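A.B. asks: My questions all concern the structure below.
The values are calculated or read from the model by the stated rules, or taken from the named source; none is laboratory data. What you see is a predicted model; the values in this text were computed from it and never measured. Neighbour counts are summed over all protein chains in view; Cβ atoms, including those assigned to glycine, are modelled from backbone coordinates with ideal geometry.
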Amino acid sequence: MRGRALLLAGLVLLVAADALLPRVLNPYYLTILSRIGVAVLAAVSLQLVNGFTGQFSIGHAGFMAVGAYVSAAASVYLGADGLAALSGSLPASLARALYFPLPLVAGGAAAALAGLLVGIPALRLRGDYLAIATLGFGEIIRIAILNVDLVGGARGFSLAAPLHPEVDLRYESLGAIYAVVALSVAVIARLVYSTGGLAFRAVREDETAAESVGIATTRVKVEAFVVSSFFAGVAGALFAHSEGYVHTNSFSFLRSFEIVVFVVLGGLGSLSGAILAAAVLTAAPEVLRGLGEWRMILYSLLLIAAMLVRPQGILGPRELVPGFLRGRPGGPRAPA
Amino acid sequence: MPLLEVEGLTVRFGGLTAVSKLDFAVERGALVALIGPNGAGKTTAFNVITGVYAPSDGSLRFDGREIGGERPHRICAAGVARTFQNIRLFRSLSVLENVRAALVGDRRSGLGDVLRGPAWRRRERDRDERARDLLAKLGLERFAEARADSLPYGEQRRLEIARALASGPRLLLLDEPAAGMNPSEKDALCGLVGRLRDEFDLSIVLIDHDVAFVMDLCERVTVLDHGEKIAEGPPEAVRRDPKVIEAYLGTDDEEEP
């Protein structure tokens, strides 16, 4: 019951925000808000691998790039036709709302496939080696895309269909973006905070012991990696469709590091920590914009200070509202 | 047919032969010990039986099926569970979560966990009850919500046994369960191991250095030294075996060349 009430309240909030925010905020703030949504999803999906399964992946932007480009290409080369046809028979806004989930799923699926292909060999490596392998993958993806002319190569790729100039493939609705983010976070939270999800944390804690109690550790790691890649791909697809333009520069290894920072600063093993860190750190450079060239210096100092004060991250492995994300009690408490 | 049959088991690490042509069998319902001085190959034997290492040679049959070289989680699913000499708990998880993780093993359903229908909730409740039940049987129920690594040492050893039992084994391998315990704790452990065997219908193999502890508890003893079996039989006979005495105490001419 409490869950349904919360769900209803969330929906009302989303619809209200969707209707009101564009009237009261200028597009600059709206863009920041939608980028926060993308950052939150990227951070939470990486948390599944790095924080819960204990594998250190630092190529997450690569999977976002796959999701962004595949969904953008699908929209431009396939979706535009469908959307034009759909808009003929349905009201335009309904047609767009019905269409919007498709490129997200396509982007997510493509990224999940990439995650499977990378994960199977890479997850045999541990620690530093896995980090370097995933970093390498992220760069390979970026440079490969840079050389594909079909998606604009170095010019970047605009979500405009040459054959259907009347169709708008962008989707900037904050309500829709945050609904996707919330749904994805809920899926990951339920996956992690259940008896089955204990397998992820058991692998993080001790692989030998996990195997000895019947957990197929390699499969668990690949599963975490594939699910994580799927949601990174969805985040990339959200990014592509809300911005209306993608460029490989958005998916450089700096972006990957940024997501790792969200996860570590938020606290390894904490979904709410990752959400908080992603939101604050995406907003921070904008808030600090008034400082001119000192901006990034202060941003870096803030990061260093945060890690000195709380090396375990803002929330450590805990959640902000244990009952909400976990769904049930049963996590460890302070020593008895 | 014995539950576990080890035949000609050999494990080599490069030039070192850790276990050499070991033969032994564990009958159903038996409580047997594997003893020997440090470095005799006892833990290596456990590691091979549970799939941590693949045997270099020889065969391992569990319930008539060859399991040598299979992955540890498959061997666990077949019905072999173990504890570790240097306790390996899921340290930052709660005591209850340690047991629940083992209850599920590889029978997971990601989709079920996401959708959480009535059947899922029922199963989740069952698992919770079974986990608490196991904790109660090992006297750990009051620690259920505590972090595993916050438990006192003896309780951590019992939690490892609870976790091993949660995977539903028919054969339980205990690697030095009495290590670091004082005599009264050892007595309590003796009682516990016997009780668990009867209650869970188990066969148990345990490793120890402490000859007296093993003698009180086990029906049969296998003695290893330098990777080879040097004696086997009922505790009393093994204790008097000159080879065993030599392995543990050395001989005179070894000390005076």
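A.B. asks: Which one is nearest to the other protein chains (Cβ to nearest Cβ), of the residues in the stretch B:128-146 that are under 19 Å from residue A:193 (Cβ atoms) and crowded, with 18+ Cβ neighbours inside 10 Å?
C.D. replies: B:146
A.B. asks: Considering only the stretch A:174-222, state which residues are among the acidic types (Asp, Glu) and at the interface with chain B (Cβ under 7 Å from one of its Cβ atoms).
C.D. replies: A:205, A:206, A:211, listed by residue number.
A.B. asks: Now for a separate question. What about residue B:70, is it in contact with a strand residue (DSSP E or B) (Cβ under 8 Å, 6 or more places away or on another chain), farther than 16 Å from residue B:123 by Cα and not hydrophobic (A, V, I, L, M, F, W, C)? Working first, answer last.
C.D. replies: Details: in contact with a strand residue (DSSP E or B) (Cβ under 8 Å, 6 or more places away or on another chain): no; farther than 16 Å from residue B:123 by Cα: yes; not hydrophobic (A, V, I, L, M, F, W, C): yes.
For residue B:70, the condition - in contact with a strand residue (DSSP E or B) (Cβ under 8 Å, 6 or more places away or on another chain), farther than 16 Å from residue B:123 by Cα and not hydrophobic (A, V, I, L, M, F, W, C) - is not met.
A.B. asks: Any idea how many residues of the stretch B:90-108 are more than 7 Å from every other protein chain (Cβ to nearest Cβ) and either assigned to a loop (DSSP other than H, G, I, E, B) or small (Gly, Ala, Ser) (or both)?
C.D. replies: Here the count works out to 1.
A.B. asks: Here is a further query. Kindly list the number of the only condition in (1) facing chain B (nearest Cβ under 10 Å); (2) of a type outside the set (Phe, Trp, Tyr); (3) in contact with a Gly (Cβ under 9 Å, 6 or more places away or on another chain) that fails for residue A:263.
C.D. replies: Looking at each condition in turn, residue A:263 falls short on (1).
A.B. asks: Sticking with this one: Within the group A:281, A:268, which residue is within 21 Å of residue A:320 (Cβ to Cβ), within 14 Å of chain B (Cβ to nearest Cβ) and aliphatic (A, V, I, L, M)?
C.D. replies: Numbers: A:281 fails: within 14 Å of chain B (Cβ to nearest Cβ).
The conditions single out A:268.
A.B. asks: Another question about this same structure. Write out, first by first residue and then by second, each pair whose Cβ atoms fall under 9 Å of each other, whose residues are 6+ apart or on separate chains, and whose first residue, in the stretch A:276-291, is without any contact (Cβ under 8 Å) to a residue 40 or more places away in the chain and farther than 17 Å from residue A:263 by Cβ while the second is part of a helix (DSSP H, G or I) and among the basic types (Lys, Arg).
C.D. replies: Note: pairs meeting the criteria are A:285/A:295; A:288/A:295; A:289/A:295.
A.B. asks: Go through the stretch A:26-113 and tell me which helices (runs of 4 or more DSSP H), entirely inside it, have 1 or more residues that are within 28 Å of residue A:258 (Cβ to Cβ), modelled with pLDDT of 95 or more and in contact with a helix residue (DSSP H, G or I) (Cβ under 8 Å, 6 or more places away or on another chain).
C.D. replies: So the answer is A:27-47, A:60-74.
A.B. asks: Identify, from the list A:213, A:264, A:226, the residue that is buried (at least 18 other Cβ atoms within 10 Å of the Cβ), modelled with pLDDT of 95 or more and farther than 15 Å from residue A:63 by Cβ.
C.D. replies: Being buried (at least 18 other Cβ atoms within 10 Å of the Cβ), modelled with pLDDT of 95 or more and farther than 15 Å from residue A:63 by Cβ holds for just one of A:213, A:264, A:226, which is A:213.
A.B. asks: Just for the stretch B:75-89: of the residues that are out of contact with any helix residue (DSSP H, G or I) (no Cβ under 7 Å at 6 or more places or on another chain) and in a helix (DSSP H, G or I), which one is nearest to the other protein chains (Cβ to nearest Cβ)?
C.D. replies: B:77
A.B. asks: Have a look at B:10, B:44 and point out the one that is part of a helix (DSSP H, G or I) and either in contact with an Asp or Glu (Cβ under 7 Å, 6 or more places away or on another chain) or surrounded by 17 or more Cβ atoms within 10 Å (Cβ to Cβ) (or both).
C.D. replies: Working: B:10 fails: part of a helix (DSSP H, G or I).
After ruling out the rest, the residue left standing is B:44.
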